[in-house]
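Where a number appears in this text, it was derived from the coordinates with a stated rule and is not lab data. Nothing here was measured: the structure is a model prediction, and the numbers come from that model. Glycine gets a Cβ as well: all are built from the backbone with ideal geometry, and neighbour counts include every protein chain shown.
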Amino acid sequence: MGGYSEDRATSDDGDPRRSCLVEGIARVIAVESGLAWLEPEQTTTCGGCASAGLCGAKGIGTTASRLERRRFPLPGVPGLAVGDRVVVGVDERALLKASGTAYALPLAVMLGAGAVAQQVANSDGITMAVMVGALGLGLIAARWGARRLSARGQLAPRFLRRAAAGETCRIG
């Protein structure tokens, strides 16, 4: 997500054994019946990484469509108005689980199936076909896993505070 920093906040209860939060700044773009819609702010460093074209900072499509895909709801924070800047946090461990689900799971399924297919069939063509099929299954499993994490609310950003005037995400 563009605009998220490496800044860390302690968990809500201050317990050091609990995971830290990865913070980011977002702008309120709409408020409707107790639900604020936020859009992550891009920082000056956005676009500087190798995957910037995939995260929404750049890429195919109009700016409006890219920004719309990055919007997310934040329920239950009274007093927010359109244009407010807020700091939100996502649990560090949940973020690691989500990235493992999205990237490591499909890759592990594909490579594992490929190794088994090569041992059993000893044919590059069959191995490649099995790996493509296994990648598809891994992606389906990742989608199921992401839905599970989302249903538990583990990936939901939490309101931490209003952003101070001129506050930006610090990288590093």
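Evaluate the distance, in nm, between pseudo-label points positioned 7 Å from the Cα of ALA146 and of ARG162 along their respective Cα→Cβ axes.
That separation, rounded to one decimal, is 3.4 nm.
Using a 10 Å cut-off on Cβ atoms, rank the peptides 76-82, 138-144 from the highest mean neighbour count down.
138-144, 76-82
At 7 Å along Cα-to-Cβ for each site, give me the label-to-label distance between LEU139 and ARG27 in nm.
Reported label-point gap for LEU139 and ARG27 is 3.4 nm.
So, in nm, how far is label GLN119 from label LEU35 when the simple model puts each one 7 Å beyond its Cα toward the Cβ?
Result for the modelled spin labels: 4.9 nm.
Normalised radius of gyration for the range 104-161, please: alpha carbon Rg relative to 2.2 N^0.38 Å, two decimal places.
Expressed relative to 2.2 N^0.38 Å, the Cα Rg reads 1.60.
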